[in-house]
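Only one structure is covered here, and it is reproduced in the block below.
The values are calculated or read from the model by the stated rules, or taken from the named source; none is laboratory data. From a predicted model like this one, the values you see are computed outputs, not experimental measurements. Here the Cβ positions follow ideal geometry from the backbone for every residue, glycine too, while neighbour counts run over all protein chains shown.
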Amino acid sequence: MRVGLIYDSIYLEHDTGNHVENAQRLVATMSLLEETHLKDNLVLLPPRAATVDEISAVHAKEYISSIQSQAEKGGGWLDADTVMSSGSYQAAIYAAGGALTAVEAVMNRQVDNAFALVRPPGHHATCWQAMGFCLFNNIAIAAKYALANYDIERVLIIDFDVHHGNGTQEAFDDDPQVMYLSTHESPFYPGTGGVEDIGRGAAQGTKVNIPLPAGCGDAEYIKVYEQIIVPAAKRFSPGLILVSAGYDAHWADGLALMQLSVAGYARIVKFIKGLADELCGGRLVFTLEGGYNLKALSAAVKATFDVLLGNTDIEDPIGQSSRGFRAPDIAALIKEIKTIHGLP
Ligand SMILES: [Zn+2]
């Protein structure tokens, strides 16, 4: 397998100071990929910058220029959670561009699949608003770009970040060409992504929200993939799969209360890779979203690469949850979602 890694040190120039979403996330992850020599097996691809036209497929031009001028002023807080610095605009256009580089490399068959290891993350950013540590919605920009530039009819976005990707949902709420499948903790930030959010108009049924109670772990996620995500993806039959890869559902993550392990993340990635192989010639692009425990984030990203490379020996250096939550019963929730979406 030729697996692409899109990375550039420009992503470290988005300086958030003393903030959970900081440059150390990528430094720690790249260090682990180097120490374990996994990086030697990857195809390193430098990201390009996304153009204003490409970003404006998702964001208002006035919003894009407001982020640029805020950077020129030295940065500042955009909302209670989201801060930027003088380097953030450049980092953000290369983060969106990194997702585009990944799409280009996969669609042109330069690589079999690719992971854009970028920051700032993107899935909370809406047309007019930065929020939840996100400036531009990298994955939504990539989906729009793929549909506009390649001969594919449908794109599937799978979002396993612990938070709902409200920006991505909003960008495609009335677009039947994009299916959005999200697992997220609920109730939780940002408060969107209920089971009833299925898309509007002609897009009804293409948005599949799976709001999970706190405490779900590997077994619950596997059930969700087997019973909802795999059959919904097969019915949609995409030409490309994009993944909002957030590692903040790991049990050691300080922001959320899920219990996924690194091994559980590897199982999820196996499901997704199996779908890509079966449905769209293996065409699969990951972009980094959240994940704030450095050890869990880096180990889970490495496990993701191991699965993409076809390695069967997946290390989980952290193991299962020691938090002692009782796993919730999600059978009724799965049944409800299957009923809403007419899944067998
Ligand atoms: Zn998140």
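Anything in the stretch 144-165 that is more than 12 Å from the chain's Cα centre (by Cα) and within 16 Å of Val58 (Cα to Cα)? List them, or say none.
Passing the criteria: Lys144, Tyr145, Ala146, Leu147, Ala148, Asn149, Val155.
How many residues does the stretch 292-344 hold that are in a helix (DSSP H, G or I), β-branched (Val, Ile, Thr) and closer than 27 Å to Glu34 by Cβ?
3
Restricting to the stretch 260-295, name every residue that is touching a residue at least 40 places away in the same chain (Cβ under 8 Å), of a type in the set (Asp, Glu) and away from the ligand (no atom under 14 Å from the Cβ).
Glu278
Do we have Ala80 as in a loop (DSSP other than H, G, I, E, B), surrounded by fewer than 21 Cβ atoms within 10 Å (Cβ to Cβ) and either of a type outside the set (Asp, Glu) or at pLDDT 95 or above (or both) here? Please lay out each step first, then the result.
Values: in a loop (DSSP other than H, G, I, E, B): yes; surrounded by fewer than 21 Cβ atoms within 10 Å (Cβ to Cβ): yes; either of a type outside the set (Asp, Glu) or at pLDDT 95 or above (or both): yes.
Yes: the conditions hold for Ala80.
Of the residues in the stretch 296-320, how many are more than 16 Å from the ligand (Cβ to nearest atom) and touching a His at 6+ places or on another chain (Cβ under 9 Å)?
So the count comes out to 2.
Condition check: more than 16 Å from the ligand (Cβ to nearest atom), buried (at least 23 other Cβ atoms within 10 Å of the Cβ) and either touching a residue at least 12 places away in the same chain (Cβ under 8 Å) or small (Gly, Ala, Ser) (or both). Does Ala95 satisfy that? Give the derivation first.
Details: more than 16 Å from the ligand (Cβ to nearest atom): no; buried (at least 23 other Cβ atoms within 10 Å of the Cβ): yes; either touching a residue at least 12 places away in the same chain (Cβ under 8 Å) or small (Gly, Ala, Ser) (or both): yes.
For Ala95, the condition - more than 16 Å from the ligand (Cβ to nearest atom), buried (at least 23 other Cβ atoms within 10 Å of the Cβ) and either touching a residue at least 12 places away in the same chain (Cβ under 8 Å) or small (Gly, Ala, Ser) (or both) - is not met.
List the residue pairs whose Cβ atoms are under 6 Å apart, where the first residue sits in the stretch 240-259 and is charged (D, E, K, R), the second is near the ligand (Cβ under 9 Å from one of its atoms) and in a loop (DSSP other than H, G, I, E, B), and the two are 6 or more positions apart or on different chains.
Asp248/Val162; Asp248/Leu255; Asp248/Ala256; Asp248/Gly290; Asp248/Gly291; Asp248/Tyr292; Asp253/Tyr292
Exactly one of these conditions fails for Gly282: (1) touching a His at 6+ places or on another chain (Cβ under 6 Å); (2) in a loop (DSSP other than H, G, I, E, B). Give me its number.
Tallying (1) touching a His at 6+ places or on another chain (Cβ under 6 Å); (2) in a loop (DSSP other than H, G, I, E, B), Gly282 fails exactly one: (1).
Could you list, in sequence order, all residues of the stretch 317-334 that are without any contact (Cβ under 8 Å) to a residue 60 or more places away in the chain and either of a type in the set (S, T, N, Q) or touching a strand residue (DSSP E or B) at 6+ places or on another chain (Cβ under 6 Å) (or both)?
Matches in the stretch 317-334: none.
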